[in-house]
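**Q** Below is a structure I'd like to ask you about.
Bear in mind these aren't lab numbers, they're just calculated from the coordinates by the rules spelled out. These figures come from a predicted structure and were not determined experimentally. Glycine gets a Cβ as well: all are built from the backbone with ideal geometry, and neighbour counts include every protein chain shown.
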Amino acid sequence: MPSEHLLQVENVSKRFRVRGKTLHAVENVSFNLDSGKTLGLVGESGSGKSTLGRVALRLLDADGGRVLFQGHDIGRIPKKQLRELRRDMQVIFQDPQASLNPRMTVGAAIEDAYVIHKIGTKSDRQQRVEDLLQRVGLPPSAANAYPHELSGGQLQRVGIARALTLDPKLIVCDEVISALDVSIQMQVIQLLKELQKERNLGYIFISHNLAVVEYISDEIAVLYLGEVVEHAAAEDLFKKPSHPYTQVLLQSILKVPDPQSETTQALMHIKGEIPSPFSPPPGCTFHPRCPFAQDICRTKKPEPRDIGHGHVVSCHFAE
Ligand SMILES: Nc1ncnc2c1ncn2[C@@H]1O[C@H](COP(=O)(O)OP(=O)(O)O)[C@@H](O)[C@H]1O
Ligand SMILES: [Mg+2]
């Protein structure tokens, strides 16, 4: 079936019932992702990044909206077909150790996917495991190692190898370098970039750190309380951050265009915690923390607006 995009997320919402109350985790989020491209998803802890990533893979069901993978509505296709599609959609988590069985060798853990899907003979599979280990920069001897014998960086390479076993088309990378030493982070990002190029992979690259997503992302969506407040080409977002929240995030990594400007000075004094996702503020959800909030921000929800070249901002005053 011809499909315009690898992944289309359309008006997706996800809510959780927690002790009789409704928690708004993801609210009306839309984006497209093409093969070979990366969408960076950033926002503070609790902003809905992981939930959105899970809904995109249908590891969680959406409450509203729909997700199309290669044109298929993954919320509606039969279970059997979904199982097939799952091979094309993988996820890598922050803590690869947590998803590895401590009593299973790394080689066996990677081989597992082939065993489950009855792919190849034993020696074929071992060859594939060896090739994958080599590709992610690990020696063949790593196949015989147990997870506790490897460093954090090596374990994340195993996590990447496992995600690649079934030759996927889409990988959700959820905080995959957040737990690594800074010196290792760039190596892992570099590896992910190379793999993307070789295999034409689509990535959703999730991080709470805007600095980290810059290098790998083609586009970036900034999440606040489950909503995308700004979405633009990575370059445009850094050049012209237009939502006050994005400006705060950028300012926190010292990437402000002009640290002396009045805007920056105002943002530096931003206070307050992220509001409760059980009762998001009316109007613009960022208004209680926004140094520029006016009356309209307290009552009227800003619609996403294109301020040029697909740079979309949900702020009454962005221009
Ligand atoms: N399974 C769940 N049950 C209830 N609440 C959840 C669940 N998963 C996530 N949440 C809540 O949804 C919101 C978004 O969480 P999450 O997607 O993990 O954010 P992030 O990945 O950006 O830190 C948070 O308020 C979180 O507490
Ligand atoms: Mg998360």
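**Q** Work out how much length R305 to Q134 would gain on full extension: take 0.36 nm times their residue separation and subtract the Cα-Cα distance, in nm to one decimal. Please report the intermediate quantities before stating the final value.
**A** Values: separation 171, 0.36 × 171 = 61.56 nm, distance 4.60 nm.
Additional length available on full extension: 57.0 nm.
**Q** Another question, if that's okay. Holding the Cα-Cα limit at 20 Å, pick out from K37/K193; K80/K197; K169/K193 the pairs that are longer than that.
**A** On the way: K37/K193 10 Å; K80/K197 30 Å; K169/K193 14 Å.
Beyond 20 Å between Cα atoms: K80/K197.
**Q** Something else: From the P(r) of the range 100-167, can you give the percent of Cα pairs sitting at distances over 20 Å? Can you show the working numbers first?
**A** Numbers: 362 of 2278 pairs.
That tail contains 16 percent of the Cα-Cα pairs.
**Q** How big, in percent, is the set of alpha carbon pairs in the chain lying more than 33 Å apart? Write out the running numbers ahead of the final one.
**A** On the way: 14893 of 50721 pairs.
Cα-Cα pairs in the chain separated by more than 33 Å: 29 percent.
**Q** For K118, which aspartates and glutamates qualify as cross-link partners when the Cα separation must be under 15 Å and same-chain residues fewer than eight apart are set aside?
**A** Here the aspartates and glutamates satisfying the reach criterion relative to K118 are E84, D167.
**Q** Further question: Order of 14-20, 310-316, 299-305, 169-175 by packing, highest average Cβ count within 10 Å first?
**A** Details: 14-20: 12.0, 310-316: 20.3, 299-305: 13.9, 169-175: 23.1.
Sorting 14-20, 310-316, 299-305, 169-175 by mean packing, highest first, produces 169-175, 310-316, 299-305, 14-20.
**Q** Oh, and also: What is the extension gain from F292 to L191, computed as 0.36 nm multiplied by their sequence separation minus the C-alpha to C-alpha distance, in nm to one decimal? Don't skip to the answer; put the middle values down first.
**A** Numbers: separation 101, 0.36 × 101 = 36.36 nm, distance 4.10 nm.
The F292-L191 span can extend by a further 32.3 nm.
**Q** Could you give each residue of the range 298-305 its phi-based ³J(HN,Hα) in whole Hz, using Karplus coefficients 6.51, -1.76, 1.60 with θ = phi - 60°, and x for Gly or Pro?
**A** 7, 10, 10, 6, x, 6, x, 10
**Q** Applying a 10 Å radius around every beta-carbon, put 233-241, 158-166 in order of their mean neighbour count, most first.
**A** On the way: 233-241: 18.1, 158-166: 23.2.
Top to bottom by mean Cβ count within 10 Å: 158-166, 233-241.
**Q** While we're looking at this one, here's another question. How about K21: which lysines have a C-alpha closer than 30 Å to its C-alpha, ignoring those fewer than 8 places off in the same chain?
**A** Hits, sequence-local ones excluded: K49, K271, K300, K301.
**Q** Between S35 and D167, what is 0.36 nm times their sequence separation minus the Cα-Cα distance? Round to one decimal in nm.
**A** Working: separation 132, 0.36 × 132 = 47.52 nm, distance 1.33 nm.
Between S35 and D167, full extension yields an extra 46.2 nm.
**Q** Going by amide H atoms built from the backbone, whose H comes under 5 Å of the H on L6, apart from near neighbours?
**A** HN-HN under 5 Å from L6: L33, D34, S35.
**Q** Right, something else. Only four residue types carry charge here, +1 at the Cβ of Lys and Arg and -1 at the Cβ of Asp and Glu. Report the dipole size of the chain about the Cα centre in Debye, rounded to the nearest 20. Numbers along the way, then the final one.
**A** On the way: 37 positive and 37 negative charges, 237 e Å.
Here the chain has a charge dipole of around 1140 debye.
**Q** Would you mind telling me the antiparallel percentage of the DSSP bridges in the chain, rounded to 5? Before the final figure, lay out each step's value.
**A** Numbers: 26 of 44 bridges.
Roughly 60 percent of the beta bridges in the chain run antiparallel, per DSSP.
**Q** List the DSSP H helices in the chain whose Cα atoms stretch 15 Å or more along the helix axis and whose mean Kyte-Doolittle hydropathy is at least -1.0. It would help to have the intermediate numbers written out before the result.
**A** Values: long enough: 106-116 (16 Å, 1.28); 122-135 (20 Å, -1.96); 152-164 (18 Å, 0.21); 182-199 (26 Å, -0.19).
Helices meeting the span and hydropathy rule in the chain are 106-116, 152-164, 182-199.
**Q** Please enumerate, by chain and number, the aspartates and glutamates with C-alpha under 17 Å from the C-alpha of K122, excluding those fewer than 8 residues away in the same chain.
**A** Correct list for K122: E111, D112, E130, D131.
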